[in-house]
Amino acid sequence: QVSPGLRTPRLPVWLCSIPGRLGVLFGTDSRLLSHWKAERVFHLYFYSGQQGQTHTAHLRIDTHSHHWEDAPREDPCSPGKRCLALEMAIRTKWAGATISWNTTDPFF
């Protein structure tokens, strides 16, 4: 029998297979599971266990940002540019989200 905690997790967790590599994307705010208003600005963490990853990546997700709020810059996913696979995976749930890697260098 499956534990109720596995059927209905208390925290948001996604297992990811990004270019053939497994990783876990998770949040520490349980409101992401039940309150759509919590999806405005929130934090997610990613860990893949890759040899080069020494700590969990801390990502800041903003689903309602506007291009005029940031300094002008080129869209990293514009045609002809490569977009990070992890960012593309996150945008399957939150289309158009702005993703900040904080102090972590994007690696995936």
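The values are calculated or read from the model by the stated rules, or taken from the named source; none is laboratory data. What you are looking at is a predicted structure, and each value in this text was computed from that prediction instead of being measured. Ideal geometry is used to build each Cβ from the backbone, glycine not excepted, and the neighbour counts take in all protein chains shown. To get the accessible areas, we keep the full protein, side chains included, count just its heavy atoms, and leave off ligands, DNA and RNA. Shrake-Rupley method; radii C 1.70, N 1.55, O 1.52, S 1.80 Å.
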**Complete:** Within segment 1-20, residues being open to solvent by less than 80 Å² (accessible area, probe 1.4 Å) and among the basic types (Lys, Arg) number 0
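Would a scan of segment 57-66 turn up a residue that is of a type in the set (S, T, N, Q), surrounded by 11 or more Cβ atoms within 10 Å (Cβ to Cβ) and either closer than 19 Å to residue 88 by Cβ or modelled with pLDDT of 90 or more (or both)?
Yes, that holds for at least one residue.
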**Item:** Enumeration of residues in segment 18-46 that are in a helix (DSSP H, G or I) and in contact with a Cys (Cβ under 8 Å, 6 or more places away or on another chain)
**Value:** none
**Prompt:** Which members of segment 21-36 meet the condition of being among the aliphatic types (A, V, I, L, M) and open to solvent by 100 Å² or more (accessible area, probe 1.4 Å)?
**Reply:** 22
**Message:** Restricting to segment 37-56, name every residue that is exposed (fewer than 13 other Cβ atoms within 10 Å of the Cβ) and of a type in the set (Ser, Thr, Tyr).
**Reply:** 54
**Request:** With the condition kept exactly as written, say whether any residue in segment 30-51 is touching a Leu at 6+ places or on another chain (Cβ under 6 Å), modelled with pLDDT under 75 and hydrophobic (A, V, I, L, M, F, W, C).
**Result:** no
